[in-house]
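Take a look at the structure below.
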Ligand SMILES: [Cu+2]
C-alpha cells in the first residue's frame, strides 16, 4: 500500500471516529427527561413529592440509583426536572428507599436553607444527621438548600428492589419547606458519592440528568 493510500485511510478512519463521537455527544446532551409540574396547593404554595431508589429497574441503566418524581396526578415519573412557581413556598416530601452510602464532606449532613432550618425525619424535627447515615442528599446550591436523606438500615426487612417503590416497603420519610425567589433554572443534585461501581462513586448516575441531578425550573 502506498504512503498516500495509508494516509488517506487514516484520514477516513479519523473522520469516521469524529462523527461517531459527535453523535454520542449530541445523544448525551439531547437526552432530557420530561419536566414535571409541582402540585399547586394554594396561591403561593406548591408541593413536590420525590422518591430515591437503590435501582431504577428499567430503561437504559436498570441498576443505577435514581430519584423519581410524582406528577400532579400521582403517577411516578423517572425525571429530575421539576417546575415550581417563583416567590413561593415549596413543600417537599421525599420517600428514601435506599440504604446509606455516607458522606465524604460532613458539611452535607446538616439541614441548610429550609424554612426554620429544619427537616422532619419520619415526623421528627431534625437539624442534622450522622455523616455516615445519608443515602442521598437533595441540594440546590444556588438557593443555599441542602437536606440529607437518612438511609434505610442495611438489614431492614422488605427493601425495595426496583422503582417505583411503595410506602409498604422499608423507607424513611423526609419533609421540608423552602422558598423560591426569582424565575430561573437552578441546578440541583445529590452530594453523596452513591454511584456504586464508578470511580469514587461519582460517575454514571451522579452525573446523568434524570438520576442524581436535575433542574428546578422556577417560573
Ligand atoms: Cu445520590
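A few points about this structure:
- A count restricted to segment 101-135 and to residues that are within 15 Å of the ligand (Cβ to nearest atom) and closer than 21 Å to residue 168 by Cβ stands at 1.
- Filter result for residue 116 (surrounded by fewer than 22 Cβ atoms within 10 Å (Cβ to Cβ) and part of a helix (DSSP H, G or I)): yes
- Tabulated pairs, segment 112-128, first without any contact (Cβ under 8 Å) to a residue 24 or more places away in the chain and assigned by TED's automatic domain parsing to the domain that holds residue 95, second in a helix (DSSP H, G or I) and buried (at least 16 other Cβ atoms within 10 Å of the Cβ), C-beta under 7 angstrom, 6+ apart or interchain: 128/109
- When segment 164-185 is filtered for residues that are crowded, with 20+ Cβ neighbours inside 10 Å and either at pLDDT below 95 or farther than 19 Å from residue 54 by Cα (or both), the ones remaining, listed by number, are 176, 178, 180.
- In segment 89-104 there is no residue that is without any contact (Cβ under 8 Å) to a residue 40 or more places away in the chain, surrounded by 12 or more Cβ atoms within 10 Å (Cβ to Cβ) and assigned by TED's automatic domain parsing to the domain that holds residue 153.
- Criterion violated by residue 142 - all others in (1) under 20 Å from residue 54 (Cα atoms); (2) within 18 Å of the chain's Cα centre (by Cα); (3) at pLDDT 95 or above satisfied: (1)
- Scanning segment 171-207 for residues that are assigned to a strand (DSSP E or B) and over 22 Å from residue 33 (Cα atoms) yields 172, 173, 174, 175, 176, 177, 178, 179.
- Selection count where residues are assigned to a loop (DSSP other than H, G, I, E, B) and buried (at least 20 other Cβ atoms within 10 Å of the Cβ), scope segment 209-219: 3
The values are calculated or read from the model by the stated rules, or taken from the named source; none is laboratory data. This is a predicted model, so every value here is computed, not measured. Note: ideal-geometry Cβ built from the backbone for every residue, glycine included; neighbour counts use all protein chains shown.
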